[in-house]
Amino acid sequence: MSELLERMHAVQARVKAACERSGRSGDSVCLIAVSKTKPLENILELYQDGQRVFGENKVQEMCAKHESAPEDISWHLIGHLQRNKVKYMADFVTMIHSVDSVRLAETISKEAQKHGRTIPVLVEVNVAGEESKFGVSPEETLSLVEQIAPLPGITIRGLMTIAPFVKDPEENRPVFRTLKQLSVDINAKNINNVNMCELSMGMTNDFEVAIEEGATFVRVGTAIFGARDYSIS
Ligand SMILES: *Cc1c(COP(=O)(O)O)cnc(C)c1O
């Protein structure tokens, strides 16, 4: 078996074990294989093995891969998104994880309607308040959700966060717990067109802790594909 498939199966086993530890069913967590900077061949190899859900952080790269890959792959846009790029993926993107402004949500709404679609989105929250990160603060989240909820062509499905890079994943447990609590609080407001059922949190270094704290999407790149080499792209 290839190293890629071995790593993939190891990650799948760790997801399953984390679900069991926390009394959750295995199908309550969706593993997004984050294929950014990695070639289409890697995606196709995982596809042959049954993986259907992939994540990219650049629109152009996602579009290029989407054009050459099988139709039934689900593409998740997980990275920071510029409004002028939305139009390129509005006809196929499965979910956008990085909505952090009214203006971006309005653009997604407009482009989705052009294609007769409703695009599921998540609101990105900068839980730890890191300056380098995108996303709204926990305090601003409810207000953003209320403002974008009425927009046609989008449906708010939950929250996303990128936790800080830490040595010990336990350090991020409070971050994940805060995001979960925020989603519970917002759900309790019963806002029309808002169903906070998804929590996108957890990456290579901390996805097991995120699952224990309620993640429904984990976004895993390095543990599946190996280290990224930005120098060649
Ligand atoms: C790259 C990326 C990931 C995956 O990171 P790894 O640490 O390689 O698992 C997850 N989420 C986002 C938003 C990313 O940009």
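Annotations for the structure displayed:
- Going from the residue with the fewest nearby Cβ atoms within 10 Å to the one with the most, C197, C19 rank C197, C19.
- Helix-only mean residue ellipticity at 222 nm for the chain, each DSSP H run of n ≥ 4 adding -39500 (n - 2.57), per residue, nearest 500: -11500 deg cm²/dmol
- The range 41-159 - charge dipole about Cα centre, Lys and Arg +1 at Cβ, Asp and Glu -1, debye rounded to 20: 460 debye
- Ranking V136, L31, N192 by Cα position along the charge dipole of the chain, where only Lys, Arg, Asp and Glu carry charges on their C-beta atoms, puts N192 farthest toward the positive end.
- Rel. contact order, % - alpha carbon contacts under 8 angstrom, at least six apart, the chain: 21 percent
- Residues of type lysines that K114 reaches as a straight line, Cα spacing below 20 Å, ignoring anything fewer than 8 places off in the same chain: K85, K87
- Stokes-Einstein diffusion for the chain, with the hydrodynamic radius set to the Kirkwood value over Cα pairs and evaluated at 37 °C in a medium of 0.692 mPa s, equals 183 µm²/s.
- Overall, the anisotropy analysis places the range 130-216 in the prolate class: the square-rooted eigenvalues a ≥ b ≥ c of its C-alpha gyration tensor yield a/c not less than 1.5, with a/b exceeding b/c.
We did not get these values from a lab; they are worked out from the coordinates using the rules stated. Every value quoted in this text rests on a predicted model; they were computed, and no experiment measured them. Glycine gets a Cβ as well: all are built from the backbone with ideal geometry, and neighbour counts include every protein chain shown.
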